[in-house]
Amino acid sequence: MFSKSFLAVYGCVIALACAGSATARSVALDSSVFVERARDASRILEPARQLVPGDRVVTVLTWRREAPGGQFTVANALPRGLYYQGSASDTEEVSTDGGRNWGKLGLMRIGRRFVTAEDVTHVRWRIQSSDASGRIAYSAIVR
């Protein structure tokens with residue numbers, strides 16, 4: 001079972017890299033962690049307070065920047081107690097070696113076998129948008 005302290009650390013493992021112009025643009029990131037629960041005949045998201053094995057966790061990363069335009073990269077290390085399921089965006093790349101090498105899930109290999117969701121250690125998105133803010137969501141399962 002994971003506690004609030006795990007969730008506090010989990011929300012702070014986001015890295016940011018800005019690229020594009022010669023002058024750096026400030027980008028602010030915020031992370032919210034939810035757990036998906038079944039209620040009656042539907043599924044709802046509620047703030048994650050405690051997690052147990054098998055829970056589906058949804059992380060929503062919100063970004064804001066002082067000036068629209070340009071591109072930047074958001075990378076997130078997955079805690080060992082979670083395995084990656086997928087992103088609301090098909091532009092994500094994953095790493096299985098701590099962020100040294102990146103590729104698409106389903107196309108990468110470890111030795112002779114294809115990478116699976118359980119192998120993912122990091123996920124990242126390259127954001128190229130004219131918007132001043134946006135959101136990225138992805139899900140994981142508690143091991």
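The values are calculated or read from the model by the stated rules, or taken from the named source; none is laboratory data. Since this is a predicted model, take the numbers as computed values, not measurements. Using ideal geometry, Cβ is built from the backbone for each residue, glycine included, and neighbour counts are taken over all protein chains shown.
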Glu46 vs (1) in contact (Cβ under 8 Å) with a residue 12 or more places away in the chain; (2) exposed (fewer than 12 other Cβ atoms within 10 Å of the Cβ); (3) part of a loop (DSSP other than H, G, I, E, B): all pass except (3)
Checked Val52, Val123, Val57 against criteria (more than 28 Å from Ser26 (Cα to Cα), crowded, with 18+ Cβ neighbours inside 10 Å and in contact with a strand residue (DSSP E or B) (Cβ under 8 Å, 6 or more places away or on another chain)); the one match is Val57
In the list Ser31, Ser5, Ser21, which residue meets the criterion of being among the hydroxyl-bearing types (Ser, Thr, Tyr) and either assigned to a strand (DSSP E or B) or at pLDDT 85 or above (or both)? Ser31
Residue check: is Thr116 in contact with a strand residue (DSSP E or B) (Cβ under 6 Å, 6 or more places away or on another chain) and either surrounded by fewer than 18 Cβ atoms within 10 Å (Cβ to Cβ) or farther than 30 Å from Glu46 by Cβ (or both)? no
